[in-house]
Structures are given as structure tokens and as C-alpha cells.
1. Is it the case that some residue within region A:72-83 is more than 21 Å from A:PHE150 (Cβ to Cβ), modelled with pLDDT under 95 and more than 26 Å from the chain's Cα centre (by Cα)?
2. Residue check: is B:ARG229 of a type in the set (D, E, K, R) and crowded, with 16+ Cβ neighbours inside 10 Å?
3. Restricting the search to region A:152-174, which residues are touching a strand residue (DSSP E or B) at 6+ places or on another chain (Cβ under 8 Å) and either without any contact (Cβ under 8 Å) to a residue 40 or more places away in the chain or within 11 Å of another protein chain (Cβ to nearest Cβ) (or both)?
4. So in region A:195-213, with the set limited to residues that are within 7 Å of chain B (Cβ to nearest Cβ) and buried (at least 17 other Cβ atoms within 10 Å of the Cβ), which one is farthest from the chain's Cα centre (by Cα)?
5. Could you list, in sequence order, the residues of region B:8-25 that are part of a helix (DSSP H, G or I) and either at the interface with another protein chain (Cβ under 7 Å from one of its Cβ atoms) or surrounded by fewer than 21 Cβ atoms within 10 Å (Cβ to Cβ) (or both)?
6. For the structure I just gave you, tell me whether A:SER197 is farther than 20 Å from A:GLY68 by Cα, in contact with a helix residue (DSSP H, G or I) (Cβ under 7 Å, 6 or more places away or on another chain) and not aliphatic (A, V, I, L, M).
7. Would you pick out the residues in region B:167-194 that are part of a helix (DSSP H, G or I), β-branched (Val, Ile, Thr) and surrounded by fewer than 22 Cβ atoms within 10 Å (Cβ to Cβ)?
8. Quick check: is even one residue across region B:91-100 surrounded by fewer than 18 Cβ atoms within 10 Å (Cβ to Cβ), polar (S, T, N, Q), more than 23 Å from B:LEU118 (Cα to Cα) and in the same structural domain as B:ASP110 (by TED's automatic domain parsing)?
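The values are calculated or read from the model by the stated rules, or taken from the named source; none is laboratory data. Predicted, not measured: the structure shown is a model, and the values here were computed from it. Glycine gets a Cβ as well: all are built from the backbone with ideal geometry, and neighbour counts include every protein chain shown.
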Protein chains: 2
Amino acid sequence: MKTAAIVLIGNELLSGKIRDKNGYYLMRRLRGLGVDLKRMAVIQDIREDIARELESCSASYDYVFTSGGVGPTHDDVTLESIAGAFGVGLERNATLEGVLRDHFQERITDAHLGMADLPVGMTLIEDDAIRWPVLVFGNVFVLPGIPQLFHAKFEAIADRFRDGQFFLRSIYLNEDEANIADLLEKVEKDRGVTIGSYPRWFDTEYRLRLTVEARAVGQVDQACGDLMRGIDPAHVVRLDPSAVPSDSPDMVTP
Amino acid sequence: MKTAAIVLIGNELLSGKIRDKNGYYLMRRLRGLGVDLKRMAVIQDIREDIARELESCSASYDYVFTSGGVGPTHDDVTLESIAGAFGVGLERNATLEGVLRDHFQERITDAHLGMADLPVGMTLIEDDAIRWPVLVFGNVFVLPGIPQLFHAKFEAIADRFRDGQFFLRSIYLNEDEANIADLLEKVEKDRGVTIGSYPRWFDTEYRLRLTVEARAVGQVDQACGDLMRGIDPAHVVRLDPSAVPSDSPDMVTP
């Protein structure tokens, strides 16, 4: 199974000034693509912090996705930080310089051109659907912070990450999770599924949602059967009719 | 200036099954309290991952806040992970056991009582506004994942983190940030403020929002003056009338 990490870069996220959209979007997309997201970090525009996080994530996971810090101003330091993390220099990339010159024409400035100074060894993925290429260094995919551009660029490369699928089915209960803790642990081990247990303290319909997830529908259904047999029927509010791909819109708890 | 990190623990966040509310809430509250949030990590319910993140954050920042993993089921491993991170054992805490017994009465189970097995050296903050105490280990404040409980517990201890205030004022422009990149860097250095530059590609009112932030209103206003003098007035859409505390509701960009 492929693993991934997301690194969101930007003071504006940590100060609460701008609410993250990219991380949440990518979490759901990776889930839908069957990729196991292991970690997301939100960090400031500080070279050393970015370099440390990227070095560690790149070594630990199959894919790393960054968001932010690739514009033309002084706080855009993602590319420099990648160079620092992996011990390479920066050099002007002719292809990207051409793209920038085409776009900005006579309005181009040195600050714009600085966006074409890439870590040595960085590659560009071009696609008809996007005006500017996606930048890749090893297993690090560099995406912009502006949500519309982030989405467009990720969608242009998304297919290459497809690695199966996760399926999910939920059981809604009026029961205290502590009373079924042993059952949950046993079924999770027996069936090789992932079981989540989410109490709702302020919900009138149910008090606990159990989610059962696995890569095969049959596994999910067997585990749901085990759970239903182990739980007092008087406490069951409802069981989802079937397992659905775990990126379906209706699987998110508000 | 006090620094902080947030560690959100839970597979359900990384799979996109539940959208985080606690991290975003705490980001904004810490900003309002004058605390400099340096980092937020979202990690899985894995003991080694939690221990590594907490050990590193606890050593690097003044405060660490965790969310999640403190319930009675098999995937609630935050307390064990703290014990692992700091090399201490777990022991049953009599005060917390009493709170649990009072609450659950004859319905109490071993799984419930397990929630009172705390890392040796953990302290409890009790407050009339909350039923259950806040758990603290050194500079690590352990909060529950359920948003309503997370909020209630944080608010019960929030005052102790007050450390001045940040003020913010925005300038809205029809200008390419690359054309004023040098000006932004200079004013930031000259005035000791933090300047953010946020392009809006799909906004009809303006194309760039500049934010100026500092701990004193005077600093913010001087920096805004410098910027307004340096920018072609034809490109200015509007300037906020005054600096506001940076946790004001109207400072968030949707």
C-alpha cells in the first residue's frame, strides 16, 4: 500500500487568518485513490522548518505533497528549502522561464523570474489541462497554495497515484463505546479491517458511530456481521445498507 | 513571546472522514491570546508516531496541545504514548477514578477505568466549568477529540496562556505581488512587522490582499503608511480603516 504525507506551508494558516482548504481536499482525494495518508503538517514559512519536515517525510513515505510558498515574494521559500533539505543548488530552469515569459510578456520582473530558479534535479510534469507545470523533486510534489490552482494541478497528476480503493460501512448505535471496546478490538484483529468509534455527545439520533473500513467489500461486510452479532440489538439505531467507496460525499460526518 | 504546537491525533482526520474543527478553533484562539503557533501536525493513532511528535514538540515549544485518543477503546493511545515519549509508566489516578465512578455509577466498566491510567507525573487541572479535569504532562495539555468537550476544556484553561495580542490591518490591491516584492520585504524588515501577501485569482473586487501584523497598533499603522506611500495609488482598492485584534471574526478570508 502506498503511503503519503501532506505539508502545508504558510504563516497565514497557523494564525487562523486563512482556513485551510487544500489539506482537507487532498486528504479526501488520496483516500479515494487508495493511498494511505500517514501525516499532515502545517508549518511556517521558515526554511529550516520546511527542510526538516520535507527531508523526514520524503524518507518515510512514498509521496509527499506540499502546498504554498512558491510565489514571487520574500516569504515564498519552499523551493529554496527543498534545495537545502536535499543538499542541491538552485538553477534557472529554461522551460519554466519560457512559461513565465509567455504569461507575463513585457510585464515580467526579476521577482517573477525567480520562480524559475529550481533545485537542481527537479523535474516538470506538463499537462494540457494546466498552464504551468507541476514541479517534482524525487517523491516531493510541489503544489501552489491558491486553492483553485492547487486543485487544478493535483487533478492533472492524480491518476498516477491510484492504488486500489477503500470501502466503508457505518453502524449507528445508542451505546457507550466502553461497553463494546473488547468486541471492536477483536473484530478489527480477526477481520483485518480498521474500526473507528466516534461518540456523538450532542446528537439526538444516535450516540455512537462505528465505521468499518477495508480494501475489499467482503471484508467490510464480514466485520459488520461480527459486530451486529456481538451488539445488543436494542442498542442498534441503524446499519448502512452497504459498503461504499470511502470518498463518497455522504461518508463525511459534519 | 510564547510558542505553541498543536498535535491532532486520529485516523479519522487523515482519511477525511471527519473534518477537523479543533485545530482551526485553537489556531484562532491562540492567535487571539497572543501565542505564536509554530506548527500543527495531524497524525494517526500509532504509539510511536504520537510519542515522536510529542517529544519533539515538547522540547521545541512552550506549549503543546493534543486533541483526541483519550477515550476507552483500543485506538485511544494518547496517554500510553505520552508515557512512552517521556519514559514513565502508567498508574491509576485516584482523583480521576473518582470522577469516572461518580459519572458512570453502576454502569462503569474496566474500559472506562482505563481512562484513569495516567502517565506518572501527570497533573489534573480542575475547574467548576468542566466536569472532567484537564490532563497536563509537563507542557503538554491533553484535550479530547469531541469538539464540544475540546472547546469547554480549552476555555477552562485559556486565560493562563494570555501573552499580549496581535493586531492586523489589510490593504486590498489590484496589483501583481511580484511588482511590490522588494517593497514588502523592506517594510517588513524596517518596521519589525509580519507582512502577508495573498493573491486572489478568482475575485472581482481585488487581486491581492496584503496583511500587516504586529504586537502594537502603532507598528502596524507605520508599516501600512510605508506601504501606501510605496504603492501606485491607482492600484489601491481599499485600506482597512484601522488595525484590529487579529482574532476578530472579520479578519478571516473565506
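1. Checked against the condition, which is being more than 21 Å from A:PHE150 (Cβ to Cβ), modelled with pLDDT under 95 and more than 26 Å from the chain's Cα centre (by Cα), region A:72-83 yields at least one hit.
2. No, not satisfied.
3. Selection gives A:LYS153, A:ALA156, A:ILE157, A:PHE166, A:LEU168, A:SER170.
4. A:PRO199
5. B:ASN11, B:GLU12, B:LEU14, B:TYR24, B:TYR25, listed by residue number.
6. When the stated conditions are applied, A:SER197 passes them.
7. Step one: list which residues in region B:167-194 are part of a helix (DSSP H, G or I), which gives B:177-191.
With the extra rule that they be β-branched (Val, Ile, Thr), the set shrinks to B:180, B:187.
Result: no residue meets the conditions.
8. Scanning region B:91-100, I find no residue that is surrounded by fewer than 18 Cβ atoms within 10 Å (Cβ to Cβ), polar (S, T, N, Q), more than 23 Å from B:LEU118 (Cα to Cα) and in the same structural domain as B:ASP110 (by TED's automatic domain parsing), so the answer is no.
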